[in-house]
Amino acid sequence: MKISKKTLADLEFQNVMNEVLLHCKSDLAKKKAEQIQPIENKKRLIAELKFVNEFVASFENENAFPSIEFDEVTEEIRMLNIEDSFLEADSCLKIKRLSQRANEIIQFVEKFEEYYPTLHVLTSKVPFTKEIIKKINKVFNRFGEVKDDSTPLLKEIRQQIVSQNRAISDKFRQELKKYGSQDYLDTIQESVVDNKRVLAVKSAYRRKVVGSVLGQSKTGSIVFIEPDSMIRVNRALQQLKEDEREEVVKVLKALTEELREDIDLFGKYQSLLAHLDFVRAKAMYAEEIGAILPEINQEQHLKLMDAYHPILYKTNNEEGKKTIPQSIELNAKQRIIAISGPNAGGKSISLKTIGLLQVMIQSGVLIPVHFRSSICFYDKILTDIGDNQSIENHLSTYSYRLKQMRSFLKECDGNTLFLIDEFGTGSDPELGGALAEVFLEEFYERGAAGVLTTHYTNIKLKIEELPQAVNACMLFNERTLEPLYVLEVGQAGSSFTFEVAQKNGIPYSLLNRAKKKVERDTVRLDKTMVKLQQEKFRVEKSKQKLEATEQKVAQKHETLESIKEKVEEKLHQYQEAYDRNQKYISLGKKLDTLAEKYFYNKRKKDLMKEALRIVEMENAKRKKATKKEVKKRKSEQAQIDNELKQKVTPIREKKKVDEAYVKELEAKELEKYIQSLTVGNRVKVKDGTSIGTIDKIEKKVAFVNFGIATMKVALKDLKKVN
């Protein structure tokens, strides 16, 4: 694969990598982002894309990647390569942390190989070992200090240092007491200078204290003196520390020699972690812009659906603006696409989007497209974007473009993607257009794929003649002439020269004069193209409405089909439940008949015989089921019972409420009726025939005179007789 630095600059690829760089943790990963180039080896490129894709997936699954932050050991590796050199304690501990981090990741990927198959291939190339960590732990304690028992002499020296420190403290206390009692010391009494305890002597008594002056306070009121009696013991301590350092160096040298054996492994650890840091940064950027790994095909077939320019997409998102995606396809039937239309309509950004996404994918960076997109790899990507005038090299725009075309003619072949903005411009339209047409024919004959933008009518017409080339345009609103930023493949676009001029307030008289200066055929062709694009816009709107309607109908149809299936399934389950319940009712009737017989004849023997016969008949109908089937049947029955309960319970509750309401109404009516009964009313007892007269009412009881006798009757049991 050959992609020049100029192509990367034209497509502003480094701006994308600057965004990736922000997510890098280590300097090594940042350096990779700064120096990234498209990957030439296809096998390695596909692996890199899969690394990033698996890392993106890790953000969403439960098996998230462990931290990749690590200490760089480039300087330590350099030191190890120098004979007789040794590593200081900090450097040894950095190597330990590097080994721990690498082991942790190797172990993690090994454990979750199912989730990270491609990353497992990468990490499995680096050996997992704890020997390095053991070697370092043998020398250092948990505080990062060389252990006392690393050598017998070191242990002895450190014990002496402890004793000497104790002796120094005792001696210094004596000096403090001595001069403090004589009021020679300031209120702070002591301080530390050059890591030595000193007396804080009042400046007036500086000659009274025997010792070395090591400094004074800013005001000069206090002099810091090391007493003579302390100089000797401090020198002895200093000598012990030097002896300790010599012994520690011997230990570090021995450890360094052991670590020198694994120098290659440290490089592998660091390379692995730096690579994974860079992969993680690309994955984080992919998540930020909604990028994916589309299908990779082996043919020259580039299909970008709902593709976004990553920089524009992120910028618009931050500003709360909507970004309109573009869809374009390059295949055997349409290898070359010519995009036309007015300026500021989105032609150049569409061209850059295609080029930038292709460069990104060929550099191992995921791209923001629809998951149904499909990509291929090109050996060469050639670009001519911008006017690129050069005063230093005495090149005009057109001279520069001709130089570019010469370069294209050298490089262009059947596995090339070329991207040209404003094809043919910079010279006389007629002559420059003719030369551009010849270049186009040459690119076409060589089997190259490409996208170009143009205003030239002859280029649009030439595209129509070529069977494997197609025109495209950026759609405009036909009324307002505002750009819609939508790429429509299959129809050339007009430059809307006069229409845009009219919209921007250019007088009609000047426009008419301009039209007269143009050949009638050219104006007629441009008008026809305007009408075609306007018609296409109307058709596109109608198409979108129809598609939306079809989608709604399809969704409703799917919903209805789903409901139908569920209803049929429920009916089937309810039918089975009904059949089972009918069977239980039949069995219950048989047992009830048997119980009734036994109630009258008390023949226990006949009862047991008949009950056993019924049981055997029922068992003969049963089919032997496995535990799994029984469990499934019980589960289904429980589900049906639960559903029925949910549906029946509200009905029962409503019935209870209704019954309670009816009873309440009846009670009110009865109370009203009872209150209407008075002394002297002719009444009869409900369901009775005798008629009597109420003589007296006490509470809710009436004394009714039936002529021959008087009876006490509850008022609610009486009925008036007219």
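The values are calculated or read from the model by the stated rules, or taken from the named source; none is laboratory data. Being a predicted model, the structure only gives us computed values, none of them experimental. Using ideal geometry, Cβ is built from the backbone for each residue, glycine included, and neighbour counts are taken over all protein chains shown.
Structural remarks
- Neighbours by Cβ (under 6 Å, 6+ apart or cross-chain): first from the stretch 255-278, closer than 26 Å to residue 66 by Cα; second modelled with pLDDT of 95 or more and of a type in the set (Asp, Glu): none
- Close pairs (7 angstrom Cβ cut-off, 6 or more residues apart or separate chains): within 13 Å of residue 265 (Cα to Cα) in the stretch 114-130, assigned to a helix (DSSP H, G or I) and of a type in the set (S, T, N, Q) anywhere: 128/103; 128/107; 130/103
- Residue match in the stretch 40-49 (condition: aliphatic (A, V, I, L, M) and more than 25 Å from residue 296 (Cβ to Cβ)): no
- Yes/no for residue 2 being within 25 Å of the chain's Cα centre (by Cα) and either outside the structural domain of residue 113 (by TED's automatic domain parsing) or not hydroxyl-bearing (Ser, Thr, Tyr) (or both): no
- Only one entry of 69, 60 meets the criterion of being in a loop (DSSP other than H, G, I, E, B), at pLDDT below 90, over 25 Å from residue 5 (Cβ atoms) and of a type outside the set (Gly, Ala, Ser), and that entry is 60.
- Residue in the stretch 134-157 that is farther than 27 Å from residue 243 by Cα, surrounded by 13 or more Cβ atoms within 10 Å (Cβ to Cβ) and either touching a residue at least 60 places away in the same chain (Cβ under 8 Å) or in the same structural domain as residue 50 (by TED's automatic domain parsing) (or both) present: no
- Check on residue 499, at pLDDT below 70, touching a Leu at 6+ places or on another chain (Cβ under 9 Å), among the acidic types (Asp, Glu) and over 28 Å from residue 333 (Cβ atoms): yes
- Some residue of the stretch 646-666 being touching a residue at least 24 places away in the same chain (Cβ under 8 Å) and assigned to a helix (DSSP H, G or I): no
- Search result, residues across the stretch 218-238 that are exposed (fewer than 12 other Cβ atoms within 10 Å of the Cβ), over 14 Å from residue 200 (Cα atoms) and modelled with pLDDT of 85 or more: 235
- Verdict on residue 568 being modelled with pLDDT of 80 or more and among the acidic types (Asp, Glu): yes
- Residue check for residue 126: outside any helix (DSSP H, G or I) and buried (at least 17 other Cβ atoms within 10 Å of the Cβ): yes
- Residue match in the stretch 521-534 (condition: surrounded by fewer than 18 Cβ atoms within 10 Å (Cβ to Cβ) and modelled with pLDDT of 70 or more): no
- Condition check for residue 191: among the small types (Gly, Ala, Ser) and closer than 20 Å to residue 239 by Cα: no
- Against the conditions (1) in contact with a helix residue (DSSP H, G or I) (Cβ under 6 Å, 6 or more places away or on another chain); (2) more than 30 Å from residue 20 (Cβ to Cβ); (3) assigned to a loop (DSSP other than H, G, I, E, B), residue 237 satisfies every one except (3).
- Test set (1) assigned to a helix (DSSP H, G or I); (2) within 60 Å of the chain's Cα centre (by Cα); (3) more than 30 Å from residue 150 (Cα to Cα) - residue 178 fails condition number: (2)
- Residue match in the stretch 579-589 (condition: over 30 Å from residue 608 (Cα atoms), part of a helix (DSSP H, G or I) and among the small types (Gly, Ala, Ser)): no
- Some residue of the stretch 211-233 being small (Gly, Ala, Ser) and touching a residue at least 40 places away in the same chain (Cβ under 8 Å): yes
- Among the residues of this structure, residue 46 counts as one that is β-branched (Val, Ile, Thr), in contact with a strand residue (DSSP E or B) (Cβ under 8 Å, 6 or more places away or on another chain) and either outside any helix (DSSP H, G or I) or under 18 Å from residue 376 (Cα atoms) (or both).
- Any hit, the stretch 23-34, residues being free of Cβ contacts under 8 Å to residues at least 40 places away in the same chain and within 30 Å of residue 245 (Cα to Cα): no
- Residue in the stretch 256-270 that is of a type in the set (D, E, K, R), more than 18 Å from residue 94 (Cα to Cα) and at pLDDT below 95 present: no
- Within the stretch 1-40, the residues that satisfy the criterion of being in a loop (DSSP other than H, G, I, E, B) and surrounded by fewer than 21 Cβ atoms within 10 Å (Cβ to Cβ) are 1, 4, 12, 22, 23, 25, 26, 36, 37, 39, 40.
- Residue 357 being in a helix (DSSP H, G or I), buried (at least 22 other Cβ atoms within 10 Å of the Cβ) and either aromatic (Phe, Trp, Tyr) or more than 27 Å from the chain's Cα centre (by Cα) (or both): no
- Residue within the stretch 263-275 that is of a type outside the set (Gly, Ala, Ser), crowded, with 23+ Cβ neighbours inside 10 Å and over 30 Å from residue 124 (Cα atoms) present: no
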